[in-house]
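Take a look at the structure set out below.
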Amino acid sequence: MSATLFEKIWTNHVVTDRDDESLIYVDRVLLQENSFHAFDKIRREQRSVRNPAQAFAFSDHYVPTRNRELGLGGITDPEIRNMVELIASDTDAYGIELFGIGHDYQGILHVVGPEYGITQPGLVIAGADSHTSTHGALGAYAFGIGSSEVAHVLATQTLWRSKPRTLQITVTGERQPGVSSKDLILYLIRTIGSGGAVGYAVEYTGDTIEQLSIEARMTVCNMSIEAGARAGLIAPDEKTFDYMRGKPLIPTGSAWDQAMQHWQTLKTDDQATFDRDVRIDATAIVPQVTWGTNPEMVVDVTGTIPDPAKENDLERRARMERALEYMGLQPDQSIQSIPLDRVFIGSCTNSRLEDLRIAARVMDGQTCRLPTMIVPGSEQVKRAAEAEGLHQIFENAGAEWLAPGCSMCVAINGDKLGPGERAASTSNRNFEGRQGQGGRTHLVSPAMAAAAAITGQFDNISNYSEARSWNL
């Protein structure tokens, strides 16, 4: 029978069924500092970790981005230091590899996973972080889970899950200059809403998606969760296979050939059907900027803040009014008139080498008007960027070039906005207090954030003459 990409992966991993749930085999489990709850549960119940070689842990949420050369000695906050020490002691006790401070591949779990070869097509990947959907860009079924579920996977290498419905999002057409994958996913969330994909595994298709690089596809899959999706997937293709070659955990020789035979079958069959279909015309999209306190509150950079008085849905109107109050904005205010205080370029959404290259092209030879933090997603990204001289461009412009980690995206590691401060941010969430208590976050692409750092405000980068040459 014809099947979608998701259905093929699901069927291959079902161990048994009960009522409306299936016990599925989990190939990889990804951990971070907050996974100490799961380890506590394992200890209390006197269980062992079934397959430590299939668990991977990362120091990313709590690691500071400054004084990294001092190791643990550079962490002055005792609470932050305790979290970093906990993940080290827990993983050591159970024989799990930790990509921690000092590791050549230390970094954000959703950046390191693909670049280390942990992420591969056809796998089921469960992660102790909601943005585990990122890994679907390589054709995996990847999703975030809570601490109790993490403990269950560690102990059994399986998980009970209800089978999601399937949603195909087809994106077609040539993008305008300066329009990135971040703009595509923000526009999609704006179109279907932050709950528009609840209960679905989303597969992205269409010529626009096919033209995206693997790193750009990761941005799309990363923010699928902001539309409420269970997961986001893109079928593996030659770009995927080229990206994976040579990575530490990727098979080689005859094992590669055998794996390829399976990977090449991981695509939706021609006659397969989805429970729902959505089509997006990429030619109509311009650079996007969020104005409110959830990612569906987004408009064109050339637009204005919407007026709640024109919203007929009373509940939605109340949310809009609350968002405007928190953000300190007025109805009908021009997006390009919003004053900014800071810029953050980083996070599991946009901290990869391609993101930094684009930011550097915008900032080259310019001077930042705003305090700007640039945080690479991993040690490997940092080294590659420095080999290309990108860090010199950033530092010459007056931006901070920092060590890898989640940084200001989660604001639990020392990097945060002050009350009332307003940032252009390449992260994935603009919730109240997400980047610091009272902080105001506007989500944008790396190019848009870099331009904001230079101009001090939001600018329509589609008008930049050089934007046509950017490989976004």
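Which residues, counting only those in the range 268-288, are within 21 Å of Gly199 (Cα to Cα) and either without any contact (Cβ under 8 Å) to a residue 60 or more places away in the chain or not in a strand (DSSP E or B) (or both)? Can you show your working first?
Let us first name the residues in the range 268-288 that are within 21 Å of Gly199 (Cα to Cα), namely 268, 272-280.
Matches in the range 268-288: Thr268, Ala272, Thr273, Phe274, Asp275.
Looking only at the range 61-74, count how many residues are closer than 15 Å to Glu85 by Cβ and either touching a residue at least 24 places away in the same chain (Cβ under 8 Å) or in contact with a Lys or Arg (Cβ under 8 Å, 6 or more places away or on another chain) (or both).
Our first condition is that a residue be closer than 15 Å to Glu85 by Cβ; within the range 61-74, this holds for 61-64, 70-74.
Those left that are additionally either touching a residue at least 24 places away in the same chain (Cβ under 8 Å) or in contact with a Lys or Arg (Cβ under 8 Å, 6 or more places away or on another chain) (or both): 61-64, 71-72, 74.
Going through the range 61-74 one residue at a time, the tally reaches 7.
Being in contact with a Leu (Cβ under 8 Å, 6 or more places away or on another chain), among the aliphatic types (A, V, I, L, M), more than 25 Å from Leu23 (Cα to Cα) and not in a helix (DSSP H, G or I) is the requirement here; does Ile169 meet it?
Details: in contact with a Leu (Cβ under 8 Å, 6 or more places away or on another chain): yes; among the aliphatic types (A, V, I, L, M): yes; more than 25 Å from Leu23 (Cα to Cα): yes; not in a helix (DSSP H, G or I): yes.
Taking the combined requirement at face value, the residue satisfies it.
In the range 408-459, which residues are of a type in the set (S, T, N, Q) and out of contact with any Pro (no Cβ under 9 Å at 6 or more places or on another chain)?
Applying the first criterion (of a type in the set (S, T, N, Q)) to the range 408-459 yields 413, 425-428, 430, 435, 437, 441, 445, 455, 457.
Across the range 408-459, the qualifying residues are Ser425, Ser427, Gln435, Thr441, Thr455.
Tell me the strands (runs of 3 or more DSSP E) entirely within the range 1-120 that contain at least 1 residues that are touching a Ser or Thr at 6+ places or on another chain (Cβ under 6 Å). Write out each step before concluding.
Working: elements: 14-18, 21-25, 28-32, 55-58, 97-99.
Output list reads 14-18, 21-25, 55-58, 97-99.
What's the total number of residues in the range 265-276 that are open to solvent by 90 Å² or more (accessible area, probe 1.4 Å) and over 17 Å from Gln211 (Cα atoms)? It would help to see each step written out before you state the result.
We begin by selecting, within the range 265-276, every residue open to solvent by 90 Å² or more (accessible area, probe 1.4 Å); these are 267, 270-271, 273, 275.
If we keep only those that are over 17 Å from Gln211 (Cα atoms) as well, we get 270-271, 273, 275.
Total satisfying the criteria: 4.
Tell me yes or no: at least one residue of the range 193-201 is open to solvent by less than 10 Å² (accessible area, probe 1.4 Å), under 26 Å from Tyr243 (Cα atoms) and either in contact with an Asp or Glu (Cβ under 7 Å, 6 or more places away or on another chain) or part of a strand (DSSP E or B) (or both).
Scanning the range 193-201, I find at least one residue that is open to solvent by less than 10 Å² (accessible area, probe 1.4 Å), under 26 Å from Tyr243 (Cα atoms) and either in contact with an Asp or Glu (Cβ under 7 Å, 6 or more places away or on another chain) or part of a strand (DSSP E or B) (or both), so the answer is yes.
Which one of these does Pro52 not meet: (1) crowded, with 17+ Cβ neighbours inside 10 Å; (2) in contact with a strand residue (DSSP E or B) (Cβ under 9 Å, 6 or more places away or on another chain)?
(1)
Against the condition closer than 25 Å to Val49 by Cβ and either surrounded by fewer than 20 Cβ atoms within 10 Å (Cβ to Cβ) or in contact (Cβ under 8 Å) with a residue 40 or more places away in the chain (or both), how does His152 come out, does it pass? So that I can check it myself, show each step before the final result.
Working: closer than 25 Å to Val49 by Cβ: yes; either surrounded by fewer than 20 Cβ atoms within 10 Å (Cβ to Cβ) or in contact (Cβ under 8 Å) with a residue 40 or more places away in the chain (or both): no.
When the stated conditions are applied, His152 does not pass them.
Among the residues that make up the range 442-449, is at least one of them modelled with pLDDT of 95 or more, closer than 21 Å to Cys221 by Cβ and in a strand (DSSP E or B)?
Going residue by residue through the range 442-449, those that are modelled with pLDDT of 95 or more are 442-449.
Filter once more, so that each one left must be closer than 21 Å to Cys221 by Cβ: 443-449.
From what is left, the residues that are in a strand (DSSP E or B) are 443.
Checked against the condition, which is being modelled with pLDDT of 95 or more, closer than 21 Å to Cys221 by Cβ and in a strand (DSSP E or B), the range 442-449 yields at least one hit.
Given the conditions (1) within 22 Å of Lys239 (Cα to Cα); (2) open to solvent by 30 Å² or more (accessible area, probe 1.4 Å), report the number of the one that Gly136 does not fulfil.
(2)
In the range 329-433, which helices (runs of 4 or more DSSP H) lie fully inside it and hold 3 or more residues that are aliphatic (A, V, I, L, M) and open to solvent by less than 10 Å² (accessible area, probe 1.4 Å)? Reasoning before the result, please.
On the way: elements: 353-363, 379-387, 390-397.
Hits in the range 329-433: 353-363.
The values are calculated or read from the model by the stated rules, or taken from the named source; none is laboratory data. Treat the numbers as computed from the prediction; the structure is a model and nothing was measured. Don't worry about glycine lacking a Cβ; one is built from the backbone with ideal geometry, like all the others, and counts go over all protein chains shown. Please note that ligands, DNA and RNA were not included when accessible areas were found on the heavy atoms of the full protein model with its side chains. Shrake-Rupley method; radii C 1.70, N 1.55, O 1.52, S 1.80 Å.
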